[in-house]
Amino acid sequence: MDLCVTIKGVSFLLQAGLGILANALVLLAYVHIMLTDAQLQPVDSILCHLAFADLLLLLTRCVPQTMTVFGMKNLLDDAGCKAVIYTYRIARALSVCITCMLSVFQAVTVAPAAGPLLSGLKIRLPRLVIPTFAALWFVNMAVCIAAPFFSVAPRNGTVPPFTLNLGFCHVDFRDNLSYVINGVAVSVRDFAFVGVMLGSSGYILVLLHRHGRKVRGIRRSQGPTMETRAAKTVVMLVVLYAVFFGIDNVIWIYMLTVPQVPPVVADMRVFFSSCYASLSPFLIISSNKKVKARMVCATSSDQERQAEDSKDSKAAKN
């Protein structure tokens with residue numbers, strides 16, 4: 001196998017494997033929290049939903065991409081391509097929407113109650129989480145409905161112009177107008193959500209800076225509050241998304257300017273657009289004490305069980 005192909009395959013394999021494992025661990029931790037604490041806090045519900053969207057994204061994009069890089073052909077037929085591409089588009093849209101939702105929710109939470117409108121919104125905010133999830137799913141399923149019509153299984157021969165060659169599937173836009181309209185629509189939607197999340201994260205940083213100056217002498221020994229830690233986690237998630245979003249869109253804008261996209265460019269965009277989904281769960285695990293505590297408990301239980309099994313086996317031998 002060619003060295004470049006091997007490096008590309010190993011990179012996708014690591015990205016998919018580690019990302020799927022980390023998102024699955026975050027989901028399992030939140031399921032355990034939900035079972036033991038009766039219900040999740042609003043921020044935890046949003047982070048859990050984000051982990052699910054990112055897991056779905058990795059399963060529908062990185063896994064088939066990795067299999068294709070390692071030489072597996074004819075993975076999907078036309079119907080399979082339509083289902084996978086449609087699911088991927090929804091998962092990708094949900095990832096940016098939920099990250100934006102998380103930043104706005106946290107900005108409202110930490111904002112000082114400046115009037116009856118904001119005070120009422122703070123009270124109603126936890127009850128709006130589930131309806132917002134339902135609205136995001138419905139809207140993105142409707143917006144992404146065009147994706148299956150352009151998705152087909154790869155055909156033998158050359159790739160037609162204005163076609164995104166994903167390796168395991170082709171997204172054939174047939175003409176330049178459809179190709180550009182689709183690209184511009186996706187970019188405008190993403191830029192709008194990223195703009196909102198950056199604005200709300202900037203507001204959070206300003207509030208944290210003001211709060212830090214006020215309580216610097218009072219609470220220096222107590223460490224950051226739970227609300228402050230959650231706000232910092234949200235800001236770090238937004239910064240992480242913005243970095244990879246920028247790289248992704250630079251490549252995407254280039255792809256819109258050429259009728260035939262080189263496979264290496266398409267692979268680069270897949271890799272960078274999936275980095276957030278594979279890295280964000282590690283940020284959640286490292287910064288969220290609830291998730292980390294569940295994982296430590298699970299590890300301790302496994303070690304205790306192994307120690308007991310070892311004692312039992314030694315006793316049986318004696």
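Any idea which of 286, 280, 300 is assigned to a helix (DSSP H, G or I), farther than 20 Å from residue 184 by Cβ, of a type outside the set (Lys, Arg) and at pLDDT below 70?
Details: 286 fails: at pLDDT below 70; 280 fails: at pLDDT below 70.
After ruling out the rest, the residue left standing is 300.
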message: Condition first: farther than 13 Å from residue 16 by Cβ and either in a helix (DSSP H, G or I) or of a type in the set (Lys, Arg) (or both). Now tell me which residues in the stretch 47-77 satisfy that.
response: 47, 48, 49, 50, 51, 52, 53, 73
query: Do the conditions hold for residue 80, that is, is it out of contact with any strand residue (DSSP E or B) (no Cβ under 6 Å at 6 or more places or on another chain), more than 25 Å from residue 242 (Cα to Cα) and assigned to a helix (DSSP H, G or I)?
result: yes
- prompt: When you scan the stretch 263-290, how many residues do you find that are more than 26 Å from residue 22 (Cβ to Cβ) and either touching a helix residue (DSSP H, G or I) at 6+ places or on another chain (Cβ under 9 Å) or of a type in the set (Gly, Ala, Ser) (or both)?
  reply: 2
- prompt: Mind checking which residues of the stretch 116-144 are without any contact (Cβ under 8 Å) to a residue 40 or more places away in the chain and not hydrophobic (A, V, I, L, M, F, W, C)?
  reply: 116, 119, 120, 122, 124, 127, 131, 132
query: Does the stretch 182-197 contain at least one residue that is more than 30 Å from residue 236 (Cβ to Cβ) and assigned to a loop (DSSP other than H, G, I, E, B)?
result: no
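For every residue, the table says whether it meets (1) charged (D, E, K, R); (2) buried (at least 21 other Cβ atoms within 10 Å of the Cβ); (3) over 25 Å from residue 122 (Cα atoms); (4) at pLDDT 90 or above.
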{"position": "4", "(1), (2), (3), (4)": "no, no, yes, no"}
{"position": "11", "(1), (2), (3), (4)": "no, no, yes, no"}
{"position": "27", "(1), (2), (3), (4)": "no, no, yes, yes"}
{"position": "38", "(1), (2), (3), (4)": "no, no, no, no"}
{"position": "49", "(1), (2), (3), (4)": "no, yes, no, yes"}
{"position": "67", "(1), (2), (3), (4)": "no, no, yes, no"}
{"position": "72", "(1), (2), (3), (4)": "no, no, yes, no"}
- line: When the stretch 143-164 is checked residue by residue, the ones that are at pLDDT below 80 and buried (at least 19 other Cβ atoms within 10 Å of the Cβ) are 162, 163, 164
message: Which of the numbered conditions does residue 138 fail, given that it passes all the others? Conditions: (1) surrounded by 12 or more Cβ atoms within 10 Å (Cβ to Cβ); (2) in a helix (DSSP H, G or I); (3) of a type in the set (Phe, Trp, Tyr).
response: (1)
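With more than 30 Å from residue 148 (Cβ to Cβ), outside any helix (DSSP H, G or I) and not aromatic (Phe, Trp, Tyr) as the only criterion, which of 106, 39 stands out?
Working: 106 fails: outside any helix (DSSP H, G or I).
One residue alone meets the criteria, 39.
The values are calculated or read from the model by the stated rules, or taken from the named source; none is laboratory data. Quick caveat: nothing in here was measured; it's all calculated off a predicted structure. Heads up, the Cβs are rebuilt from the backbone with ideal geometry, glycines too, and the neighbour counts pull from every protein chain shown.
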